[in-house]
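These notes concern the structure reproduced below.
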Amino acid sequence: MKTHIGITETNRNVVAIKLSEILADENILYIKTKNAHWNIEGPDFYSMHTFFETQFTQLDGIIDSVAERMRSIGHYAPATMSSYLNLTHLTEKKKYNNNSQGFIKELLADHEAIIIKLRENIHPFANKFNDLGTSGFITGLMETHEKMAWFLRAHLSE
């Protein structure tokens with residue numbers, strides 16, 4: 001059945017493409033955070049293992065909400081790793097060691113990249129594509145990522 005929500009099909013298509021990219025970024029960040037949770041080493045192992053678990057649990061909720069936003073505007077969400085790797089602007093490549101400082105720097109950079117991408121889309125979604133709902137939705141996502149980034153940044157000694 002067609003979706004009639006006051007947004008043209010063309011605009012919904014463009015928004016869905018952008019949401020697919022956001023969904024891909026969120027999934028890659030989720031996997032990288034799981035990696036940190038599983039592979040952390042060092043004297044702060046337990047506290048960081050628990051911290052990363054809190055973060056990937058938050059990301060799991062974000063992933064679900066992005067996919068559901070796509071469905072609510074009448075589109076299917078991509079759901080394969082190959083599609084995420086083709087859509088993401090993040091990288092899987094690891095730059096640091098398996099210690100808390102290394103993982104935190106890596107994850108913080110990804111959160112900040114997502115924040116910038118979300119911020120760049122807030123006004124176009126509302127003004128260009130007439131989708132205030134998605135604009136408000138990604139504003140909330142941006143705020144969540146800002147808080148998660150703050151928590152990561154608070155652990156850095158530099």
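The values are calculated or read from the model by the stated rules, or taken from the named source; none is laboratory data. Keep in mind it's a predicted model, so treat the numbers as computed, not measured. Positions of Cβ are backbone-derived with ideal geometry, glycine not excepted, and every protein chain shown enters the neighbour counts. The protein model used for the area step is the full one, side chains on, heavy atoms only, and it has no ligands, DNA or RNA in it. Shrake-Rupley method; radii C 1.70, N 1.55, O 1.52, S 1.80 Å.
Going by what's in this entry, would Ile17 be described as hydrophobic (A, V, I, L, M, F, W, C) and either assigned to a loop (DSSP other than H, G, I, E, B) or touching a Cys at 6+ places or on another chain (Cβ under 7 Å) (or both)? So Ile17 fails the test.
Flag: Ser47 matches the condition of being open to solvent by 30 Å² or more (accessible area, probe 1.4 Å), free of Cβ contacts under 8 Å to residues at least 40 places away in the same chain and either under 25 Å from Ile7 (Cα atoms) or of a type in the set (S, T, N, Q) (or both).
Criterion first (out of contact with any helix residue (DSSP H, G or I) (no Cβ under 9 Å at 6 or more places or on another chain) and acidic (Asp, Glu)) does Asp64 satisfy it? Here the answer is yes, as Asp64 does meet what is asked. Going by the structure shown, is Asn39 over 28 Å from Gly133 (Cα atoms) and more than 14 Å from the chain's Cα centre (by Cα)? Spelling it out, Asn39 is indeed over 28 Å from Gly133 (Cα atoms) and more than 14 Å from the chain's Cα centre (by Cα).
Does Asn13 count as polar (S, T, N, Q), closer than 20 Å to Gly102 by Cα and open to solvent by 20 Å² or more (accessible area, probe 1.4 Å)? It is false that Asn13 is polar (S, T, N, Q), closer than 20 Å to Gly102 by Cα and open to solvent by 20 Å² or more (accessible area, probe 1.4 Å).
Contact annotation: residue pairs with Cβ atoms under 8 Å, 6 or more positions apart or on different chains, pairing a residue in segment 84-102 that is within 16 Å of Glu112 (Cα to Cα) with a partner that is open to solvent by 100 Å² or more (accessible area, probe 1.4 Å) and among the charged types (D, E, K, R), are Gly102/Lys95.
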